[in-house]
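The values are calculated or read from the model by the stated rules, or taken from the named source; none is laboratory data. Only a predicted model underlies this, so the values are computations on that prediction, with no experimental measurement involved. Note that each Cβ is placed from the backbone with ideal geometry, even for glycine, and that neighbours are counted across all protein chains shown.
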Amino acid sequence: MTLIEHWIDGRAHASASGRTGRVFDPAKGVVQHEVVLADPAEIEAAVAAASRAYPAWRDTSIAKRSQILFAFRELLNARKGELAEILTSEHGKVLSDAAGEIARGLEVVEFALSFPHLLKGEYSENVSTGVDVYSLRQPLGVVGIISPFNFPAMVPMWFFPIALAAGNTVVLKPSEKDPSAANWMASLLTEAGLPDGVFNVLHGDKLAVDGLLEHPDVKSISFVGSTPIAKYIYETAARNGKRVQALGGAKNHMLVLPDADLDLAADAAINAGFGSAGERCMAISVLVIVDGPLPAGSRASRSDGAAEPVGTVGDALIAKITERMATLKVGDGRRSCDMGPLITGEHRDKVASYLDLAVEDGADLVVDGRGVQPDGEADGFWLGPTLVDKVPTTSRVYTDEIFGPVLLIVRVATYADGVELINSSEFGNGTAIFTNDGGAARRFQNEVEVGMIGINVPIPVPVSYYSFGGWKNSLFGDTKAYGPDAFHFFTRQKAVTSRWLDPSHGGINLGFPQNS
Ligand code: NAD
């Protein structure tokens, strides 16, 4: 068993805290590593290294910073297979999904490389006679990033490429459940030529997080995780005078109108509901079906050519989904399966407990994933794809974020009922509408109170040159991740008013400056 140590000042940093956390291989159900958990001296060491490195990094030329980030991009692209294996072995997601996570992280690295353009200031000549005004964007200093278990590579990459490009130094506190990806990326940054201390990894739990939230030399916090912790981070960081963006949990609804292509909708529900075992903040967890008789000439015919399903739109869509669920292969992500295990046994049991609750609350368990036969070790943290119909919206099964392979179905009578349901959720991360009616889709994008919308697209994660973030309890703060918002977040603006002396403009005047 290996010990995963901090990465401080360009090298592994041994811990003397005496505290460690366990890192599982979720497909085997065994502990494969231990990770150190920081004590106050180690928090101080990480922040001090970043503080020492800051002045030189801030003053490193745009050309040099570009070269280093380009080199990182090239190394990451060449060696992404190694990182995918780390992700699969500690998180459990299948290798193809791990590759997708890295690809979306690489996109942000590539976007960050446009920083010379995005850091340009503004210039206004002769705002008053002989006076010019211009603005500069400057880095903040040491920035803290705190990331969740479900995207151990991509979520840190939502932030650090942009923070570094803008001239900040970084302390990353990754999830203690799958910490190796952070060290791997740190060592790759060093190989790319990043000076020591510019990027540091501090492993730990609440103690490390609180240390960053309270440290006067940490100027901003970028957090991604569950809603209760996001709210705590937002409040605590703000109280300590820091700039903060805290992205929280989700319960994403996919609204299916009766005119939708039901085969497309069924594929989308499967992919977005069960990909990464439902452990994605953009997973679809509730399918809202505007139910009623199948429209005449609807495209509800079965793909296998069997008889047209009878019943309502909801019945037809559920038939198509269950048909597809039966084909999903659950197992070890290294064995070309569709879906891997959950992150820990404890989390698997918590997710499974919602299935009992669903039945108690009167829902209909259409497919129960507890009986799954995985292609993997018996002790892995397995739970198969699960489908629950007729879920009462008062049940905790509906209101809580479950974060597992559990797709809920709520049937509503009209489009308006569907939108009202979505808008009454405490979360507002992502949502999708499936329809062939452009007017309905346009109305939906206007009316729905959610930060990221898909139209016939189930996981509408914006490309890297737009910004990522939800509304309501899915994002605390006013700045989203990556895209143009990120350059705002990781820089401070200065406005300079300058006049090169002209003796004719001299003279004493105590009045407030006026432009002439
Ligand atoms: P989590 O909130 O448990 O942990 C996130 C981070 O906070 C970790 O680094 C953890 O060490 C730290 N942390 C945990 N408890 C803490 C405490 N009491 N005080 C201070 N720090 C604490 O989240 P998770 O289980 O790792 O990740 C899953 C959650 O993240 C889900 O809710 C998911 O929706 C959310 N998520 C959101 C987005 C988004 O963009 N909105 C993206 C990915 C994940």
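What pairs come up if the first residue lies in the stretch 65-93 and is assigned by TED's automatic domain parsing to the domain that holds D338 and at pLDDT 95 or above, the second is in a helix (DSSP H, G or I) and surrounded by fewer than 16 Cβ atoms within 10 Å (Cβ to Cβ), and their beta carbons are under 8 Å apart, counting only those six or more places apart or on different chains?
none
Considering the stretch 204-227 alone, what residues qualify as being near the ligand (Cβ under 9 Å from one of its atoms) and either in contact with a Leu (Cβ under 8 Å, 6 or more places away or on another chain) or not small (G, A, S) (or both)?
Of everything in the stretch 204-227, those that are near the ligand (Cβ under 9 Å from one of its atoms) and either in contact with a Leu (Cβ under 8 Å, 6 or more places away or on another chain) or not small (G, A, S) (or both) turn out to be G204, D205, K206, L207, A208, V209, D210, L213, F223, V224, G225, T227.
Scan the stretch 456-494 for residues that are in a strand (DSSP E or B), away from the ligand (no atom under 16 Å from the Cβ) and in contact with a Gly (Cβ under 9 Å, 6 or more places away or on another chain) and report the count.
3
Of the residues G297, G333, only one is modelled with pLDDT of 95 or more, away from the ligand (no atom under 16 Å from the Cβ) and in a loop (DSSP other than H, G, I, E, B); which?
G333
Of everything in the stretch 459-509, what is closer than 30 Å to V155 by Cα, in contact with a Lys or Arg (Cβ under 8 Å, 6 or more places away or on another chain), of a type outside the set (K, R) and surrounded by fewer than 17 Cβ atoms within 10 Å (Cβ to Cβ)? Give them in sequence order.
Passing the criteria: only Q493.
Might you check whether a residue that is modelled with pLDDT of 95 or more, under 22 Å from P195 (Cα atoms) and in the same structural domain as P156 (by TED's automatic domain parsing) occurs anywhere in the stretch 24-43?
In the first step, residues of the stretch 24-43 are kept if they are modelled with pLDDT of 95 or more; the result is 24-43.
Filter once more, so that each one left must be under 22 Å from P195 (Cα atoms): 42-43.
Subsequent filtering for residues that are in the same structural domain as P156 (by TED's automatic domain parsing) retains 42-43.
The answer is yes; a qualifying residue exists.
Select, from D361, D349, D379, D389, the only residue that is out of contact with any Pro (no Cβ under 6 Å at 6 or more places or on another chain) and under 30 Å from V290 (Cβ atoms).
Numbers: D361 fails: out of contact with any Pro (no Cβ under 6 Å at 6 or more places or on another chain); D349 fails: under 30 Å from V290 (Cβ atoms); D379 fails: under 30 Å from V290 (Cβ atoms).
Checking each option against the conditions leaves just D389.
Among the residues of the stretch 384-406, which ones are within 16 Å of the ligand (Cβ to nearest atom) and either among the basic types (K, R) or outside any helix (DSSP H, G or I) (or both)?
Matches in the stretch 384-406: R396, D400, E401, I402, F403, G404, P405, V406.
Scan the stretch 191-198 and tell me whether some residue there is farther than 23 Å from L83 by Cα, at pLDDT 95 or above and more than 10 Å from the ligand (Cβ to nearest atom).
No: zero hits.
Between A269, A283, A246, which is touching a residue at least 60 places away in the same chain (Cβ under 8 Å), over 18 Å from I459 (Cβ atoms) and surrounded by 24 or more Cβ atoms within 10 Å (Cβ to Cβ)? Explain how you work it out, then say what you get.
Details: A269 fails: over 18 Å from I459 (Cβ atoms); A283 fails: over 18 Å from I459 (Cβ atoms).
Unique residue meeting the criteria: A246.
Take T414 and decide whether it is within 16 Å of the ligand (Cβ to nearest atom), β-branched (V, I, T) and surrounded by fewer than 24 Cβ atoms within 10 Å (Cβ to Cβ).
Taking the combined requirement at face value, the residue does not satisfy it.
Taking only the stretch 466-516 into account, find how many residues are touching a strand residue (DSSP E or B) at 6+ places or on another chain (Cβ under 8 Å), small (G, A, S) and modelled with pLDDT of 95 or more.
9
Within the stretch 112-124, can one find any residue that is near the ligand (Cβ under 10 Å from one of its atoms), of a type outside the set (D, E, K, R) and within 14 Å of A486 (Cβ to Cβ)?
no
Do you know which residues across the stretch 199-222 are crowded, with 24+ Cβ neighbours inside 10 Å and in a loop (DSSP other than H, G, I, E, B)?
Correct list: L202, H203, G204.
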